[in-house]
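As structure tokens, the structure follows; a few thoughts come after it.
The values are calculated or read from the model by the stated rules, or taken from the named source; none is laboratory data. None of these values were measured; they are calculated from a predicted model. Virtual Cβ from ideal backbone geometry, glycine too; neighbours counted across all protein chains shown. These accessible areas exclude ligands, DNA and RNA; they are computed on the full protein's heavy atoms, side chains included. Shrake-Rupley method; radii C 1.70, N 1.55, O 1.52, S 1.80 Å.
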Number of protein chains: 2
Amino acid sequence: MNCDIITIGDEILIGQVTDTNSSFIGSILTSIGVKVRQIITVGDNEQSISHAISQSLQNSDIIILTGGLGPTNDDITKNTLAKLFNTKLERSPQVLSHITCLLQKRGIELTEKNRSQADIPTNCIALYNKYGTAPGMLIQAPGNKIVVSLPGVPFEMESIFTEEFVPWLTDNVRLPLRLQQTFLVAGVPESVMAERLQTFEKEMPKAISLAYLPSPGLLRLRLGFFATDHEKDLPMFEELCRKLETILGSDLFGYNNDTLERIVGNLLAKHNFTVCTAESCTGGNIARMITGVPGASQYFNGSIIAYSNSIKESILQINPADLDNFGAVSQQVVSRMAENAKKVFKTDFSIATSGIAGPTGGTIEKPVGTVWVSVSSPNGTNSVRFQFGEHRGRTITRSTLAALNMLRLEILKIVEKTVEKV
Amino acid sequence: MNCDIITIGDEILIGQVTDTNSSFIGSILTSIGVKVRQIITVGDNEQSISHAISQSLQNSDIIILTGGLGPTNDDITKNTLAKLFNTKLERSPQVLSHITCLLQKRGIELTEKNRSQADIPTNCIALYNKYGTAPGMLIQAPGNKIVVSLPGVPFEMESIFTEEFVPWLTDNVRLPLRLQQTFLVAGVPESVMAERLQTFEKEMPKAISLAYLPSPGLLRLRLGFFATDHEKDLPMFEELCRKLETILGSDLFGYNNDTLERIVGNLLAKHNFTVCTAESCTGGNIARMITGVPGASQYFNGSIIAYSNSIKESILQINPADLDNFGAVSQQVVSRMAENAKKVFKTDFSIATSGIAGPTGGTIEKPVGTVWVSVSSPNGTNSVRFQFGEHRGRTITRSTLAALNMLRLEILKIVEKTVEKV
């Protein structure tokens, strides 16, 4: 089963917006056994949209459109679809009532432009958009073709795609069996991992693929293949997964769409632990990663962002002599920050960071990218010096992930010890 | 002059890699007056590549290919080009000597695979790749068409594109003049803006386009067109820009690639003001946005993330009676948070947030998405209640941007007053 993705929007063509929708859609379709044949981006004009759809209908079974569904005049996907499939737009009472509720909740008055978002082609199934006013639309076209139109706003598109369209597709279409597992690893560079997995990869059956998906501070390893004989293939695949897990050891922190902050949050919640942060160079990024997870208030008490030495002294009780002797970016200071934050917030664990994110502030001894991360636990305090690159945003991201991973490993040490005691 | 961009690679189709090359190319082409007609991504197979190029040659003057130029077997762009244009590959001595030097410098031995990267179609101009071994290739095809093939590695592609191709293009082709300006607006929903600009859009010359580019909490408005008569068009376009600015008023915070946090940071730095935050529901997100800007330490002192009531009481000195009587999500509490944070951090301004990000914790009076934002300035404290949606991440983002925008407006009030006084 083939699919073409068509993303619509002048803003993509002129480079104002990077199309991230296609890679989201592509990775999910691939995981359920649909092959993406091509991705096409066209501008906000009827002829281009219409031509792209017609071309794709000749070659692919599924066409997924994103964009062009807003309430303004440059949003023309709906009308183009109606014309192309020789049908009309009709106001859907269900969609209208959803739009009305949504805007009412937000205290926004309903305009005629909002109302018109409930006008959809008569031959389509409306796909519920829980986050916005533009519904998704699914058209079953002649020749068993499926055309789906989704809004361009990523989180609206993602929710409709995964919660409405994918379930519909797996219910209505027979897909080949794809076995796939993604292993999430923190703190190991891609090249080091490639060396570690050399033998594993050599001994792996030919039909299986292992992809390395690196991002700053994290590495995803995706093991996958299209199974032919479920009874034989599944145990073989599962054995391979176990083998890989053994090699990865404690560097493996999760699977598939998990995130490090969610894994850490679950660990804290499960064992009734609490945490706080005292951040300098990460400027609140660790706190916002932790609090981005629903339910974080159960284990996160708070944070102090100490961007100046005077705040480090006044709230975090750092000895001015330590700041003078060792500097703010030092093992001494970062360890005290972690230990004192734990006292201020009365938590079991704490994270502290102090570093030089750049672009200025570096010295020969402590160049830009130098970051101290400290994790204090009921067992004591562990501080590590990292040397990240010269890119400010990347250094903040990598410091944040390194800190969360250190916290994860410290929690595991405590939990394992506790289990031993019992 | 039209251009098609064709990006080549299975890794893009399966969503392993997001194509950022196209938006880079698109934004530069647009700025020099070349219109990007469409972007197509195809897999690593000859038929798809060849078909995409042939189709594009029928509709566009310039075709830019990226990817498929590496030394491995799945890199087939070069051979496809040679076949398509009925020519052969020939080893270029200049390219070979460059590859030899480059690998020597890195201490890597030259293999036959590396050498073969110097084989290029006889009808092409080689474009120098200072960062890698795959040269760019420029083919002047029949019918005044230009086909350019570039490596897929972003920084190699970017250097060849800007330093080799663009200078060649502007030297060899007469380009039209593109006039374009993007207006950045905070705090106004797209539909409300569309109503506000109805007359403006109606009266706008037909050749000019106005695009709405919304993202949570922000709206970008892009005014643009291809000028035909520079002397007449430029003043007309500038007048239109002034007219739009007047309509937008203080909702307009910046232009083109600016960000709200940078604009606010510049304002603070320029007037020697300092700021801090006291965050509950935003969990550090405002602090990390502010500190993401290089040089933020000049005006940002720090932050307290008070995720529990006890921290609100102990560090931010919130009266327990206020927490009991009004709740943490209330005008009273958020105003005191802002005022007391200003005292703790000794700053001119402060931001405080308290809300229910969800998914749980909502009540009938304060449903999920209820957020109080407060900005305290030398003039006093201004607190506003917002009602955002049910999506946790989006509520955090929108609260953050609303807070930064309130801070911007409060700074402007002070600055304007100061100016009046003088």
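Amide hydrogen proximity for residue A:68: with H placed 1.01 Å from N in the peptide plane, the residues at 5 or more positions away or on another chain lying under 5 Å are A:152. Computed from backbone phi, the HN-Hα couplings of the range B:313-328 come to 6, 6, 8, 9, 6, 6, 5, x, 5, 5, 4, 5, 6, 10, x, 5 Hz, rounded to whole numbers (Karplus: 6.51 cos²θ - 1.76 cosθ + 1.60, θ = phi - 60°; Gly and Pro given as x). For residue A:85, the distances from its label point to the matching points in the remaining copies are 4.3 nm, ordered from shortest, with each point set 7 Å beyond Cα toward Cβ. Of interest is the spacing of the C-alpha centroids, which for the range B:66-138 and the range A:253-270 amounts to 45 Å. In this assembly of identical copies, the label point of residue A:360 (Cα plus 7 Å along Cα-to-Cβ) is separated from its counterparts by 4.8 nm, sorted shortest first. Rounded if a/c is under 1.5, else prolate if a/b beats b/c, else oblate: with a ≥ b ≥ c from the C-alpha gyration tensor eigenvalues square-rooted, which is the range B:260-421? Cα axes put the range B:260-421 in the prolate bin. How far, in degrees from 0 to 90, does helix A:46-59 lean away from the longest principal axis of the Cα atoms of chain A, to the nearest 10? Relative to chain A, helix A:46-59 is tipped by roughly 90 degrees. For the chain pair A and B, the interface hides roughly 5400 square angstrom of accessible area in total, found with a 1.4 Å probe. With the charge dipole of the range A:103-199 set up from +1 on Lys and Arg Cβ and -1 on Asp and Glu Cβ about the Cα centre, the Cα lying farthest toward the positive end among the listed residues A:150, A:199, A:186 is that of A:150. Once the Cα atoms are used to define both axes, helix B:93-105 deviates from the longest principal axis of chain B by about 50 degrees. Here the contact order of the range B:260-421, divided by its residue count and restricted to Cα pairs under 8 Å and six or more residues apart, works out to 24 percent.
Here residue A:142 yields copy-to-copy label distances, from shortest upward, of 3.6 nm, the label point defined as 7 Å from Cα along Cα to C-beta.
With an a/c value of 1.5 or above and a/b not larger than b/c for the gyration tensor axes a ≥ b ≥ c computed over the alpha-carbon atoms, the range A:128-265 is described as oblate. How tilted is helix B:392-421 with respect to the longest principal axis of chain B? Cα atoms for both, answer in degrees (0 to 90, nearest 10). The answer is roughly 70 degrees. Beta-bridge orientation, the protein assembly as shown: approximately 65 percent antiparallel, per DSSP, counting only bridges with both partners inside. For residue A:277, the residues whose amide H sits under 5 Å from its own are A:302, A:303, A:304, A:351, ignoring neighbours fewer than 5 places away on the same chain, with H placed 1.01 Å from N. The three principal axes of the C-alpha atoms in chain A carry coordinate ranges of 78, 59, 46 Å, sorted with the longest axis first.
Cross-linked pairs A:206/A:232; A:413/B:312; A:270/B:366: Cα-Cα separations exceed 24 Å for A:413/B:312; A:270/B:366. The solvent-accessible area of residue A:162, taken with every protein chain present and a 1.4 Å probe, is close to 50 Å². Provide the solvent-accessible area of residue A:314, counting protein heavy atoms only and rolling a 1.4 Å probe, rounded to the nearest 10 Å². Answer for residue A:314: close to 60 Å² accessible. The charge dipole of the range A:90-176, taken about its Cα centre with unit charges on the Cβ of Lys, Arg, Asp and Glu (plus for the first two, minus for the last two), comes to roughly 40 debye.
Heavy-atom accessible area for residue A:322, with the other protein chains in place and a 1.4 Å probe, reaches approximately 30 Å². For the range B:216-275, the square roots of the Cα gyration tensor eigenvalues, ordered a ≥ b ≥ c, give a/c of at least 1.5 with a/b greater than b/c, which places it in the prolate category. Normalised by the residues of chain B, what does the relative contact order come to in percent, with Cα pairs under 8 Å and at least six apart? Contact order relative to length: 10 percent. Using a Cα-Cα cut-off of under 12 Å, which aspartates and glutamates could be cross-linked to residue A:105, ignoring same-chain neighbours fewer than 8 residues away? Once the sequence-local aspartates and glutamates are set aside, what remains near residue A:105 is B:365, B:390. Figure note: A:76, B:125, B:304 ranked by solvent-accessible area, largest first, 1.4 Å probe, ligands and nucleic acids not counted: B:125, A:76, B:304. When B:163, B:245, B:11 are compared by accessible surface with a 1.4 Å probe, the order from highest to lowest is B:163, B:11, B:245. Of B:230, B:98, the residue with the largest accessible area leads and the full order is B:230, B:98 (1.4 Å probe).
Note down the magnitude of the dipole of the range A:2-172 about its Cα centre, charges +1 on Lys and Arg C-beta and -1 on Asp and Glu C-beta and zero elsewhere, to the nearest 20 debye.
320 debye
Normalised by the number of residues in the range A:41-86, the average gap of Cα pairs under 8 Å and 6 or more apart makes the relative contact order 38 percent.
If we count trypsin sites (Lys or Arg not before Pro) as exposed when they sit in a DSSP loop and have at most 16 other beta carbons within 10 Å, what is the longest stretch of chain B that avoids them all? Longest run free of exposed loop sites: B:207-345. In the range B:268-422, the portion of solvent-accessible area held by carbon and sulfur atoms comes to 51 percent [1.4 Å probe, whole percent, DNA, RNA and ligands not counted]. With the helix formula -39500 (n - 2.57) applied to DSSP H stretches of n ≥ 4, chain A reaches a computed 222 nm mean residue ellipticity of -12500 deg cm²/dmol. In the context of the full set of protein chains, residues of chain A present 43 Å² of accessible surface per residue (probe radius 1.4 Å, heavy atoms only).
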